[in-house]
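> Dumping the structure here so I can ask a few things about it.
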Amino acid sequence: MAIGITVIGTGYLGATHAAAMAELGFEVLGLDVVPEKIGTLSRGEVPFYEPGLEELLRRHVAGVAGSTGRLRFTTSWEEVGEFGDVHFVCVNTPQKQGEYACDMSYVDSAVDSLAPHLARPALVVGKSTVPVGSAERLAARLARLAPAGDAVELAWNPEFLREGFAVEDTLRPDRIVVGVRSDRAEELLREVYAKPVAAGSPFVVTDFPTAELVKTAANSFLATKISFINAMAEVCETAGGDVVKLAEAIGYDDRIGRKFLRAGIGFGGGCLPKDIRAFMARAGELGADQALTFLREVDSINMRRRSHMVDLTRETVGGTFLGQRVAVLGATFKPDSDDVRDSPALNVAGQIHLQGGQVTVYDPKGMANARRVFPTLGYADSAAEAVRGADVVLHLTEWREFRELDPQVLGEAVAHRRILDGRNTLDPELWRKSGWFFRALGRPTA
(Lines give C-alpha, C1' and ligand atoms only; values in the text may rest on other atoms or scores of the structure.)
Protein backbone atom coordinates (compact mmCIF):
# COMPACT_ATOMS: atom_id res chain seq x y z
CA MET A 1 0.00 0.00 0.00
CA ALA A 2 1.32 3.44 -0.93
CA ILE A 3 1.40 5.63 2.16
CA GLY A 4 0.13 9.18 1.80
CA ILE A 5 1.99 11.50 4.18
CA THR A 6 0.87 14.92 5.38
CA VAL A 7 2.91 17.43 7.33
CA ILE A 8 0.98 19.92 9.46
CA GLY A 9 2.92 23.12 10.05
CA THR A 10 5.48 24.19 7.46
CA GLY A 11 7.91 26.18 9.55
CA TYR A 12 11.53 25.14 10.01
CA LEU A 13 10.74 21.59 11.16
CA GLY A 14 7.72 20.98 8.92
CA ALA A 15 9.18 22.27 5.66
CA THR A 16 12.33 20.20 6.18
CA HIS A 17 10.38 17.07 7.11
CA ALA A 18 8.01 17.43 4.15
CA ALA A 19 10.87 17.78 1.65
CA ALA A 20 12.74 14.86 3.22
CA MET A 21 9.68 12.58 3.09
CA ALA A 22 9.32 13.37 -0.63
CA GLU A 23 13.02 12.61 -1.08
CA LEU A 24 12.42 9.21 0.55
CA GLY A 25 9.83 8.49 -2.16
CA PHE A 26 6.48 9.33 -0.55
CA GLU A 27 3.63 11.45 -1.88
CA VAL A 28 3.50 14.36 0.57
CA LEU A 29 0.98 17.11 1.29
CA GLY A 30 2.05 19.97 3.55
CA LEU A 31 -0.46 22.18 5.36
CA ASP A 32 -0.16 25.59 6.94
CA VAL A 33 -2.76 28.13 8.06
CA VAL A 34 -0.71 31.01 6.61
CA PRO A 35 -1.52 31.32 2.88
CA GLU A 36 1.59 33.41 2.16
CA LYS A 37 3.83 30.65 3.49
CA ILE A 38 2.04 28.07 1.35
CA GLY A 39 2.46 30.29 -1.70
CA THR A 40 6.19 30.66 -1.08
CA LEU A 41 6.77 26.92 -0.59
CA SER A 42 4.62 26.05 -3.61
CA ARG A 43 7.04 28.09 -5.75
CA GLY A 44 9.89 25.99 -4.42
CA GLU A 45 11.19 28.80 -2.20
CA VAL A 46 12.12 28.57 1.49
CA PRO A 47 11.16 31.56 3.72
CA PHE A 48 14.24 31.04 5.94
CA TYR A 49 17.86 30.03 5.48
CA GLU A 50 18.82 26.37 5.82
CA PRO A 51 21.70 24.96 3.73
CA GLY A 52 20.49 22.51 1.07
CA LEU A 53 16.78 22.77 1.86
CA GLU A 54 15.67 24.91 -1.08
CA GLU A 55 17.44 22.60 -3.53
CA LEU A 56 15.73 19.59 -1.92
CA LEU A 57 12.37 21.33 -1.99
CA ARG A 58 12.66 22.30 -5.66
CA ARG A 59 13.51 18.72 -6.54
CA HIS A 60 10.04 17.59 -5.45
CA VAL A 61 7.51 20.48 -5.38
CA ALA A 62 4.73 20.00 -7.95
CA GLY A 63 4.82 22.63 -10.67
CA VAL A 64 8.55 23.36 -10.42
CA ALA A 65 10.34 22.50 -13.66
CA GLY A 66 12.10 19.14 -13.49
CA SER A 67 10.65 18.16 -10.10
CA THR A 68 9.20 14.75 -9.16
CA GLY A 69 5.91 16.44 -8.23
CA ARG A 70 5.68 14.34 -5.08
CA LEU A 71 5.28 17.36 -2.78
CA ARG A 72 2.32 19.75 -2.66
CA PHE A 73 1.06 22.33 -0.17
CA THR A 74 -2.42 23.36 0.93
CA THR A 75 -4.42 25.32 3.49
CA SER A 76 -7.33 22.80 3.42
CA TRP A 77 -7.82 20.52 6.43
CA GLU A 78 -10.38 18.55 4.46
CA GLU A 79 -7.85 17.82 1.72
CA VAL A 80 -5.29 16.73 4.31
CA GLY A 81 -7.79 14.38 5.98
CA GLU A 82 -8.70 12.73 2.68
CA PHE A 83 -5.10 12.46 1.47
CA GLY A 84 -3.14 11.21 4.45
CA ASP A 85 -2.52 7.84 6.04
CA VAL A 86 0.20 9.25 8.29
CA HIS A 87 -0.11 12.84 9.55
CA PHE A 88 3.01 14.46 11.05
CA VAL A 89 2.28 17.35 13.44
CA CYS A 90 5.23 19.77 13.24
CA VAL A 91 3.86 22.98 14.76
CA ASN A 92 5.70 25.26 17.16
CA THR A 93 5.64 24.94 20.96
CA PRO A 94 7.07 28.28 22.18
CA GLN A 95 7.63 29.35 25.77
CA LYS A 96 4.56 30.94 27.36
CA GLN A 97 4.75 34.69 27.78
CA GLY A 98 5.99 35.47 31.27
CA GLU A 99 6.30 31.79 32.25
CA TYR A 100 8.72 28.89 31.91
CA ALA A 101 5.98 26.53 30.72
CA CYS A 102 5.46 25.40 27.13
CA ASP A 103 2.62 26.90 25.07
CA MET A 104 0.64 23.93 23.70
CA SER A 105 -2.02 26.01 21.94
CA TYR A 106 -0.64 25.40 18.43
CA VAL A 107 -0.48 21.62 18.92
CA ASP A 108 -3.97 21.53 20.46
CA SER A 109 -5.34 23.64 17.62
CA ALA A 110 -3.74 21.38 14.99
CA VAL A 111 -5.26 18.26 16.55
CA ASP A 112 -8.67 19.91 16.92
CA SER A 113 -8.63 21.05 13.28
CA LEU A 114 -7.40 17.73 11.86
CA ALA A 115 -9.46 15.24 13.87
CA PRO A 116 -12.94 16.00 12.42
CA HIS A 117 -11.60 15.17 8.93
CA LEU A 118 -10.26 11.71 9.85
CA ALA A 119 -13.04 9.42 8.67
CA ARG A 120 -10.84 6.37 8.06
CA PRO A 121 -7.95 4.66 9.90
CA ALA A 122 -4.95 6.95 10.22
CA LEU A 123 -1.85 7.51 12.30
CA VAL A 124 -1.18 10.99 13.71
CA VAL A 125 2.48 11.43 14.61
CA GLY A 126 3.61 14.23 16.91
CA LYS A 127 7.07 15.63 16.22
CA SER A 128 6.83 18.84 18.25
CA THR A 129 8.68 19.10 21.56
CA VAL A 130 5.98 18.83 24.24
CA PRO A 131 5.70 18.41 28.03
CA VAL A 132 5.65 14.78 29.12
CA GLY A 133 2.04 13.59 29.43
CA SER A 134 0.83 15.53 26.38
CA ALA A 135 0.62 12.48 24.10
CA GLU A 136 -1.68 10.63 26.49
CA ARG A 137 -4.05 13.60 26.54
CA LEU A 138 -3.91 14.16 22.77
CA ALA A 139 -4.53 10.46 21.99
CA ALA A 140 -7.80 10.57 23.94
CA ARG A 141 -8.74 13.84 22.26
CA LEU A 142 -8.13 12.39 18.78
CA ALA A 143 -10.23 9.29 19.43
CA ARG A 144 -13.06 11.46 20.77
CA LEU A 145 -13.08 14.00 17.92
CA ALA A 146 -12.31 11.82 14.88
CA PRO A 147 -15.23 10.22 13.01
CA ALA A 148 -13.13 7.03 12.72
CA GLY A 149 -12.78 6.92 16.52
CA ASP A 150 -10.23 4.43 17.86
CA ALA A 151 -9.06 3.65 14.31
CA VAL A 152 -7.17 6.95 14.51
CA GLU A 153 -4.03 6.35 16.56
CA LEU A 154 -1.35 8.63 17.92
CA ALA A 155 2.41 8.10 17.98
CA TRP A 156 5.22 10.36 19.19
CA ASN A 157 8.35 10.76 17.09
CA PRO A 158 10.56 13.58 18.47
CA GLU A 159 12.78 15.56 16.10
CA PHE A 160 16.51 16.05 16.66
CA LEU A 161 17.31 18.61 13.97
CA ARG A 162 20.36 20.83 14.24
CA GLU A 163 19.95 24.13 12.43
CA GLY A 164 22.49 24.22 9.62
CA PHE A 165 22.35 20.42 9.30
CA ALA A 166 18.59 19.83 9.18
CA VAL A 167 18.47 18.12 5.78
CA GLU A 168 21.21 15.66 6.74
CA ASP A 169 19.63 15.04 10.15
CA THR A 170 16.24 14.23 8.57
CA LEU A 171 17.49 12.00 5.75
CA ARG A 172 20.23 10.30 7.78
CA PRO A 173 19.23 10.66 11.44
CA ASP A 174 21.54 9.45 14.21
CA ARG A 175 18.48 7.79 15.81
CA ILE A 176 14.75 7.46 15.22
CA VAL A 177 12.63 7.34 18.37
CA VAL A 178 8.96 6.33 18.22
CA GLY A 179 6.51 6.20 21.10
CA VAL A 180 3.68 3.85 20.10
CA ARG A 181 0.82 1.87 21.59
CA SER A 182 0.23 -0.75 18.91
CA ASP A 183 2.06 -3.03 16.49
CA ARG A 184 0.23 -1.33 13.62
CA ALA A 185 1.63 2.09 14.54
CA GLU A 186 5.14 0.68 14.86
CA GLU A 187 4.89 -1.13 11.51
CA LEU A 188 3.66 2.01 9.74
CA LEU A 189 6.55 4.07 11.10
CA ARG A 190 9.05 1.34 10.23
CA GLU A 191 7.75 1.55 6.67
CA VAL A 192 8.02 5.36 6.65
CA TYR A 193 11.61 5.25 7.90
CA ALA A 194 12.65 2.06 6.07
CA LYS A 195 15.41 3.75 4.02
CA PRO A 196 17.26 5.49 6.87
CA VAL A 197 16.91 2.35 9.03
CA ALA A 198 18.36 0.24 6.22
CA ALA A 199 21.23 2.73 6.01
CA GLY A 200 22.03 2.20 9.68
CA SER A 201 19.92 4.65 11.70
CA PRO A 202 18.89 3.01 15.02
CA PHE A 203 15.12 2.62 15.46
CA VAL A 204 14.14 2.93 19.13
CA VAL A 205 10.60 1.87 20.09
CA THR A 206 9.24 3.08 23.40
CA ASP A 207 6.14 4.31 25.22
CA PHE A 208 4.63 7.80 25.07
CA PRO A 209 6.28 9.33 28.15
CA THR A 210 9.77 8.13 27.24
CA ALA A 211 9.48 9.38 23.67
CA GLU A 212 8.37 12.79 24.95
CA LEU A 213 11.24 12.92 27.45
CA VAL A 214 14.01 11.97 25.01
CA LYS A 215 14.19 15.38 23.29
CA THR A 216 14.07 17.44 26.47
CA ALA A 217 16.54 15.13 28.19
CA ALA A 218 18.97 15.38 25.25
CA ASN A 219 18.70 19.17 25.11
CA SER A 220 19.11 19.44 28.87
CA PHE A 221 22.28 17.35 28.73
CA LEU A 222 23.75 19.45 25.92
CA ALA A 223 22.85 22.68 27.71
CA THR A 224 24.48 21.36 30.88
CA LYS A 225 27.67 20.50 29.01
CA ILE A 226 27.85 23.99 27.46
CA SER A 227 27.22 25.71 30.78
CA PHE A 228 29.78 23.47 32.48
CA ILE A 229 32.60 24.59 30.18
CA ASN A 230 31.43 28.19 30.50
CA ALA A 231 31.60 27.86 34.29
CA MET A 232 35.14 26.53 33.85
CA ALA A 233 35.90 29.61 31.73
CA GLU A 234 34.88 31.82 34.66
CA VAL A 235 37.24 29.89 36.94
CA CYS A 236 40.03 30.04 34.36
CA GLU A 237 39.73 33.82 34.11
CA THR A 238 40.14 34.24 37.87
CA ALA A 239 42.88 31.60 38.18
CA GLY A 240 44.85 32.54 35.06
CA GLY A 241 44.08 29.29 33.24
CA ASP A 242 43.23 28.58 29.59
CA VAL A 243 39.76 27.09 29.07
CA VAL A 244 40.55 26.06 25.48
CA LYS A 245 43.44 23.88 26.64
CA LEU A 246 41.37 22.62 29.57
CA ALA A 247 38.55 21.60 27.20
CA GLU A 248 41.03 19.87 24.89
CA ALA A 249 42.51 17.90 27.77
CA ILE A 250 39.24 16.69 29.29
CA GLY A 251 37.77 16.07 25.83
CA TYR A 252 40.22 13.23 25.21
CA ASP A 253 38.36 11.29 27.90
CA ASP A 254 35.91 9.09 25.96
CA ARG A 255 33.41 9.40 28.79
CA ILE A 256 33.30 13.19 28.27
CA GLY A 257 34.05 13.75 24.58
CA ARG A 258 35.06 16.96 22.83
CA LYS A 259 31.75 18.15 21.42
CA PHE A 260 29.95 21.11 23.05
CA LEU A 261 33.04 22.02 25.07
CA ARG A 262 33.86 25.38 23.45
CA ALA A 263 33.49 28.16 25.98
CA GLY A 264 31.85 31.37 24.84
CA ILE A 265 28.82 33.59 25.32
CA GLY A 266 26.47 30.63 25.66
CA PHE A 267 23.63 28.96 23.83
CA GLY A 268 20.46 30.43 22.36
CA GLY A 269 18.01 29.66 19.57
CA GLY A 270 14.46 28.38 19.56
CA CYS A 271 15.12 25.04 21.31
CA LEU A 272 17.64 24.74 24.14
CA PRO A 273 16.61 27.73 26.31
CA LYS A 274 12.86 27.22 26.09
CA ASP A 275 13.11 23.41 26.29
CA ILE A 276 15.06 23.33 29.55
CA ARG A 277 12.71 25.91 31.07
CA ALA A 278 9.62 23.96 29.98
CA PHE A 279 11.23 20.78 31.38
CA MET A 280 11.67 22.46 34.77
CA ALA A 281 8.10 23.75 34.70
CA ARG A 282 6.67 20.32 33.87
CA ALA A 283 8.80 18.60 36.52
CA GLY A 284 7.33 21.04 39.04
CA GLU A 285 3.80 20.15 37.94
CA LEU A 286 4.61 16.47 38.39
CA GLY A 287 6.14 16.98 41.83
CA ALA A 288 9.64 16.13 40.59
CA ASP A 289 11.04 19.66 40.60
CA GLN A 290 13.98 18.77 42.89
CA ALA A 291 15.30 16.40 40.22
CA LEU A 292 15.88 19.30 37.83
CA THR A 293 17.00 22.12 40.13
CA PHE A 294 20.46 21.91 38.53
CA LEU A 295 18.91 23.20 35.27
CA ARG A 296 18.22 26.53 36.98
CA GLU A 297 21.97 26.97 37.44
CA VAL A 298 22.59 25.81 33.86
CA ASP A 299 20.22 28.53 32.66
CA SER A 300 21.73 31.09 35.03
CA ILE A 301 25.32 30.40 33.89
CA ASN A 302 24.19 30.69 30.28
CA MET A 303 22.52 34.07 30.75
CA ARG A 304 25.43 35.32 32.85
CA ARG A 305 27.81 34.80 29.91
CA ARG A 306 26.02 37.52 27.95
CA SER A 307 26.33 40.05 30.76
CA HIS A 308 29.97 39.07 31.23
CA MET A 309 30.68 39.84 27.57
CA VAL A 310 29.09 43.27 27.98
CA ASP A 311 31.20 43.91 31.10
CA LEU A 312 34.44 42.89 29.34
CA THR A 313 33.60 45.15 26.42
CA ARG A 314 32.92 48.12 28.69
CA GLU A 315 36.20 47.48 30.52
CA THR A 316 38.08 47.29 27.20
CA VAL A 317 36.82 50.69 26.02
CA GLY A 318 37.65 52.43 29.29
CA GLY A 319 34.67 51.94 31.58
CA THR A 320 31.82 53.56 29.65
CA PHE A 321 30.07 52.99 26.33
CA LEU A 322 29.18 56.64 25.85
CA GLY A 323 30.76 57.87 22.62
CA GLN A 324 32.20 54.44 21.84
CA ARG A 325 31.70 52.71 18.48
CA VAL A 326 31.21 48.94 18.86
CA ALA A 327 31.28 46.57 15.87
CA VAL A 328 29.45 43.28 16.37
CA LEU A 329 30.26 40.38 14.03
CA GLY A 330 27.31 38.01 14.21
CA ALA A 331 23.59 38.29 14.93
CA THR A 332 22.31 34.71 14.64
CA PHE A 333 22.49 32.31 17.57
CA LYS A 334 24.73 29.98 15.54
CA PRO A 335 26.37 29.92 12.10
CA ASP A 336 24.71 28.48 8.94
CA SER A 337 21.31 29.82 10.01
CA ASP A 338 19.33 33.05 9.84
CA ASP A 339 17.68 32.35 13.23
CA VAL A 340 18.06 35.16 15.78
CA ARG A 341 15.64 33.76 18.37
CA ASP A 342 17.17 34.24 21.84
CA SER A 343 20.51 34.97 20.13
CA PRO A 344 23.31 35.70 22.62
CA ALA A 345 25.05 37.82 19.96
CA LEU A 346 22.03 40.05 19.38
CA ASN A 347 21.33 40.21 23.11
CA VAL A 348 24.87 41.48 23.80
CA ALA A 349 24.57 44.02 20.97
CA GLY A 350 21.25 45.22 22.36
CA GLN A 351 22.57 45.57 25.92
CA ILE A 352 25.54 47.66 24.76
CA HIS A 353 23.25 49.85 22.66
CA LEU A 354 20.94 50.44 25.64
CA GLN A 355 23.97 51.46 27.71
CA GLY A 356 24.94 54.17 25.23
CA GLY A 357 27.23 52.41 22.77
CA GLN A 358 27.03 53.10 19.03
CA VAL A 359 26.59 49.53 17.80
CA THR A 360 26.93 48.33 14.20
CA VAL A 361 26.07 44.70 13.43
CA TYR A 362 26.95 42.49 10.47
CA ASP A 363 25.84 38.89 9.90
CA PRO A 364 26.09 36.86 6.66
CA LYS A 365 22.48 35.59 6.79
CA GLY A 366 20.61 37.04 9.77
CA MET A 367 20.39 40.75 8.94
CA ALA A 368 16.70 40.90 8.00
CA ASN A 369 15.60 38.99 11.10
CA ALA A 370 17.93 41.01 13.34
CA ARG A 371 16.50 44.29 12.03
CA ARG A 372 12.99 43.09 12.91
CA VAL A 373 14.02 42.28 16.49
CA PHE A 374 16.33 45.27 17.10
CA PRO A 375 15.48 47.99 14.56
CA THR A 376 17.36 50.65 16.54
CA LEU A 377 20.78 49.01 16.10
CA GLY A 378 23.08 50.02 13.25
CA TYR A 379 23.59 47.47 10.46
CA ALA A 380 26.29 47.09 7.83
CA ASP A 381 26.46 45.11 4.59
CA SER A 382 29.90 43.62 5.27
CA ALA A 383 32.36 42.99 8.07
CA ALA A 384 34.66 45.65 6.66
CA GLU A 385 31.85 48.23 6.76
CA ALA A 386 30.78 47.20 10.26
CA VAL A 387 34.22 47.74 11.79
CA ARG A 388 34.91 51.10 10.13
CA GLY A 389 35.87 53.57 12.88
CA ALA A 390 35.18 51.00 15.63
CA ASP A 391 36.73 51.37 19.07
CA VAL A 392 36.28 47.64 19.68
CA VAL A 393 35.21 44.63 17.60
CA LEU A 394 33.16 41.76 19.08
CA HIS A 395 33.18 38.32 17.45
CA LEU A 396 29.90 36.77 18.63
CA THR A 397 28.77 34.19 16.04
CA GLU A 398 31.31 31.70 14.71
CA TRP A 399 30.72 32.08 10.97
CA ARG A 400 33.52 30.75 8.76
CA GLU A 401 33.63 34.15 7.06
CA PHE A 402 34.78 35.72 10.33
CA ARG A 403 37.47 33.11 10.96
CA GLU A 404 38.92 33.93 7.53
CA LEU A 405 39.09 37.70 8.05
CA ASP A 406 42.51 39.30 7.56
CA PRO A 407 43.43 41.12 10.81
CA GLN A 408 45.86 43.39 8.98
CA VAL A 409 43.26 44.54 6.44
CA LEU A 410 40.59 44.97 9.11
CA GLY A 411 43.06 46.92 11.24
CA GLU A 412 43.25 49.64 8.60
CA ALA A 413 39.53 50.40 9.06
CA VAL A 414 39.13 50.52 12.85
CA ALA A 415 39.82 53.39 15.22
CA HIS A 416 41.46 51.03 17.75
CA ARG A 417 42.73 47.50 17.14
CA ARG A 418 40.80 45.78 19.93
CA ILE A 419 38.85 42.55 19.46
CA LEU A 420 37.01 40.32 21.92
CA ASP A 421 36.38 36.73 20.79
CA GLY A 422 33.11 35.59 22.31
CA ARG A 423 33.27 32.20 20.60
CA ASN A 424 36.90 31.13 21.02
CA THR A 425 37.35 30.31 17.33
CA LEU A 426 39.78 33.04 16.23
CA ASP A 427 43.58 32.58 16.30
CA PRO A 428 44.93 34.83 19.11
CA GLU A 429 48.51 34.73 17.79
CA LEU A 430 47.47 35.83 14.31
CA TRP A 431 45.52 38.84 15.61
CA ARG A 432 48.16 39.88 18.15
CA LYS A 433 50.89 39.75 15.50
CA SER A 434 48.84 42.29 13.53
CA GLY A 435 48.88 44.68 16.47
CA TRP A 436 45.47 43.89 17.95
CA PHE A 437 44.59 43.76 21.63
CA PHE A 438 42.96 40.33 21.66
CA ARG A 439 40.89 38.83 24.46
CA ALA A 440 38.85 35.61 24.47
CA LEU A 441 36.54 34.31 27.18
CA GLY A 442 38.32 32.06 29.65
CA ARG A 443 41.79 32.57 28.12
CA PRO A 444 44.92 34.45 29.21
CA THR A 445 45.03 38.04 27.97
CA ALA A 446 48.60 37.72 26.66
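The values are calculated or read from the model by the stated rules, or taken from the named source; none is laboratory data. Just so it is clear, the model here is predicted, and its values are computed rather than measured. Cβ: placed from backbone, ideal geometry, glycine included. Neighbour counts: every protein chain shown.
> Would you say Arg181 is under 25 Å from Glu23 (Cα atoms) and either without any contact (Cβ under 8 Å) to a residue 60 or more places away in the chain or not assigned by TED's automatic domain parsing to the domain that holds Ala140 (or both)? Full working, then the answer.
Numbers: under 25 Å from Glu23 (Cα atoms): no; either without any contact (Cβ under 8 Å) to a residue 60 or more places away in the chain or not assigned by TED's automatic domain parsing to the domain that holds Ala140 (or both): yes.
When the stated conditions are applied, Arg181 does not pass them.
> Among the numbered criteria (1) over 23 Å from Ala18 (Cα atoms); (2) part of a helix (DSSP H, G or I); (3) of a type in the set (Lys, Arg); (4) not assigned by TED's automatic domain parsing to the domain that holds Arg262, which single criterion is violated by Lys225?
Going through (1) over 23 Å from Ala18 (Cα atoms); (2) part of a helix (DSSP H, G or I); (3) of a type in the set (Lys, Arg); (4) not assigned by TED's automatic domain parsing to the domain that holds Arg262 one by one, Lys225 breaks only (4).
> Here is a check on your reading of the model: is Arg418 at pLDDT below 95 and within 30 Å of Lys259 (Cα to Cα)? Full working, then the answer.
Working: at pLDDT below 95: no; within 30 Å of Lys259 (Cα to Cα): yes.
No: the conditions fail for Arg418.
> Would you mind stating whether Arg296 is surrounded by fewer than 16 Cβ atoms within 10 Å (Cβ to Cβ), in a loop (DSSP other than H, G, I, E, B) and without any contact (Cβ under 8 Å) to a residue 40 or more places away in the chain?
On the way: surrounded by fewer than 16 Cβ atoms within 10 Å (Cβ to Cβ): yes; in a loop (DSSP other than H, G, I, E, B): no; without any contact (Cβ under 8 Å) to a residue 40 or more places away in the chain: yes.
It is false that Arg296 is surrounded by fewer than 16 Cβ atoms within 10 Å (Cβ to Cβ), in a loop (DSSP other than H, G, I, E, B) and without any contact (Cβ under 8 Å) to a residue 40 or more places away in the chain.
> Let me spell it out: the conditions are (1) among the charged types (D, E, K, R); (2) in contact with a Gly (Cβ under 7 Å, 6 or more places away or on another chain); (3) assigned to a helix (DSSP H, G or I); (4) without any contact (Cβ under 8 Å) to a residue 24 or more places away in the chain, and Lys245 meets all of them except one. Which number is the exception?
(2)
> Separate question: Please give the number of the condition Ala18 fails out of (1) within 28 Å of Glu191 (Cα to Cα); (2) outside any helix (DSSP H, G or I).
(2)
> Out of (1) touching a Pro at 6+ places or on another chain (Cβ under 8 Å); (2) more than 25 Å from Pro51 (Cα to Cα); (3) in contact (Cβ under 8 Å) with a residue 60 or more places away in the chain; (4) of a type in the set (A, V, I, L, M, F, W, C), the odd one out for Val152 is which?
Of (1) touching a Pro at 6+ places or on another chain (Cβ under 8 Å); (2) more than 25 Å from Pro51 (Cα to Cα); (3) in contact (Cβ under 8 Å) with a residue 60 or more places away in the chain; (4) of a type in the set (A, V, I, L, M, F, W, C), only one is false for Val152: (3).
> Do we find a residue being modelled with pLDDT of 95 or more, in the same structural domain as Pro364 (by TED's automatic domain parsing), surrounded by fewer than 15 Cβ atoms within 10 Å (Cβ to Cβ) and of a type in the set (Gly, Ala, Ser) anywhere in region 242-252?
Taking every residue of region 242-252 in turn, at least one turns out to be modelled with pLDDT of 95 or more, in the same structural domain as Pro364 (by TED's automatic domain parsing), surrounded by fewer than 15 Cβ atoms within 10 Å (Cβ to Cβ) and of a type in the set (Gly, Ala, Ser).
> Would you confirm whether or not region 269-292 contains a residue that is in the same structural domain as Ser382 (by TED's automatic domain parsing), touching a residue at least 12 places away in the same chain (Cβ under 8 Å), over 30 Å from Met104 (Cβ atoms) and not hydroxyl-bearing (Ser, Thr, Tyr)?
No, every residue in region 269-292 fails to be in the same structural domain as Ser382 (by TED's automatic domain parsing), touching a residue at least 12 places away in the same chain (Cβ under 8 Å), over 30 Å from Met104 (Cβ atoms) and not hydroxyl-bearing (Ser, Thr, Tyr).
> Please list, ordered by residue number, the helices (runs of 4 or more DSSP H) wholly in region 74-167 having 2 or more residues that are of a type in the set (D, E, K, R) and surrounded by 23 or more Cβ atoms within 10 Å (Cβ to Cβ). Steps first, answer last, please.
Details: elements: 77-83, 105-114, 134-145.
Output list is empty.
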